[in-house]
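Engineer: Quick one: the structure is below, questions incoming.
The values are calculated or read from the model by the stated rules, or taken from the named source; none is laboratory data. Worth saying up front: this structure is predicted, and the values here are computed from it rather than measured. In this analysis, Cβ positions are derived from the backbone assuming ideal geometry, glycine residues included, and neighbour counts consider all displayed protein chains. Note: areas computed on protein heavy atoms with side chains; ligands, DNA, RNA excluded. Shrake-Rupley method; radii C 1.70, N 1.55, O 1.52, S 1.80 Å.
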Amino acid sequence: WTKPSATKHYNHWLELAAIHLQLPAPRLAIQAMSDELLQTTSTHRDHYAQLKVLAHFADDNTYSKMEQAYLNASGLNKRYLLNALGFVNNVQRMQRYYDFLLSDATNNDFIDYRFQFPFFNQSLRPAIFEYLASHTQQLHEHIELGSLQWFPFNFMTGCSQTVLEGMDRLLPRWQHLSGYIEKHTEIRAQVESCARSVTQQEPALMRFFTH
């Protein structure tokens, strides 16, 4: 796990093993490389995957170091760091990431599409909608008006009734924005279709795994 060049498609395998399968070996390997990773200016996709894993399992001290590394970085490496910081595994860290996006620290970067990264973690989605509902004003102040209409695309990986309800709760606060309702309707239909498919397939899957 410490030598990306030795493994084909290392970036995909690392994320699968460490974040999704929660295997200890890749996590421990990346954590042991923490200082080295934050001093490296590589823009290779393998390094990006390592940063995601580092952020996902970071303690407060390491996460703070990653935020500082972002502030000191430039170019693609800076963008990778800001993205990676969003691969969080608990509500408190999700809130910290969103607070960071809405702070003056990110004034020179686009933040609108980066709200999708914590959303990849299904367990955080109810809390994410609560955060967004309570920070509507800050979101409208920090995201360019022309970009706000695209915000529903942050939810396009959703596939449940919970996501649909969350999107609907946000709608009254956002529907006055030009183009927002059209984007909301498009993504909502996609999420609803996925949720319906899961509901239809669940009985067959349950039978398959219980026999």
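Engineer: Which members of segment 1-40 meet the condition of being at negative phi, under 21 Å from the mean Cα position of the chain (by Cα) and exposed (fewer than 13 other Cβ atoms within 10 Å of the Cβ)?
Structural biologist: Result: His20, Leu21.
Engineer: Still on this structure, I have one more. Do the conditions hold for Pro172, that is, is it in contact with a Ser or Thr (Cβ under 9 Å, 6 or more places away or on another chain) and either open to solvent by 70 Å² or more (accessible area, probe 1.4 Å) or modelled with pLDDT of 95 or more (or both)?
Structural biologist: Judged against the criteria, Pro172 is not a match.
Engineer: Are any residues in segment 3-40 more than 19 Å from Tyr80 (Cα to Cα) and not in a helix (DSSP H, G or I), and if so, which ones?
Structural biologist: Lys3, Thr7, Lys8, Leu21, Gln22, Leu23
Engineer: Can you pull out every residue in segment 57-85 that is among the small types (Gly, Ala, Ser) and in contact with a Lys or Arg (Cβ under 6 Å, 6 or more places away or on another chain)?
Structural biologist: Passing the criteria: only Ala84.
Engineer: Could you please find all residues in segment 113-148 being aliphatic (A, V, I, L, M) and under 22 Å from Ala84 (Cβ atoms)?
Structural biologist: Leu124, Ala127, Ile128, Leu132, Leu139, Ile143
Engineer: Same structure again: Closer than 18 Å to Val191 by Cβ, among the basic types (Lys, Arg) and surrounded by 16 or more Cβ atoms within 10 Å (Cβ to Cβ), is that true of Arg125?
Structural biologist: Taking the combined requirement at face value, the residue satisfies it.
Engineer: Consider Cys159 against the criteria (1) open to solvent by 40 Å² or more (accessible area, probe 1.4 Å); (2) closer than 17 Å to Pro126 by Cβ; (3) not in a helix (DSSP H, G or I): it satisfies all of them except one. Which criterion is unmet?
Structural biologist: For Cys159, the failing item is (1).
Engineer: A follow-up question, please. Between a residue in segment 181-192 that is exposed (fewer than 15 other Cβ atoms within 10 Å of the Cβ) and any residue that is assigned to a helix (DSSP H, G or I), which pairs come within a Cβ distance under 8 Å, given they are 6 or more apart or on different chains?
Structural biologist: Listed pairs, sorted by first residue: Glu186/Pro152.
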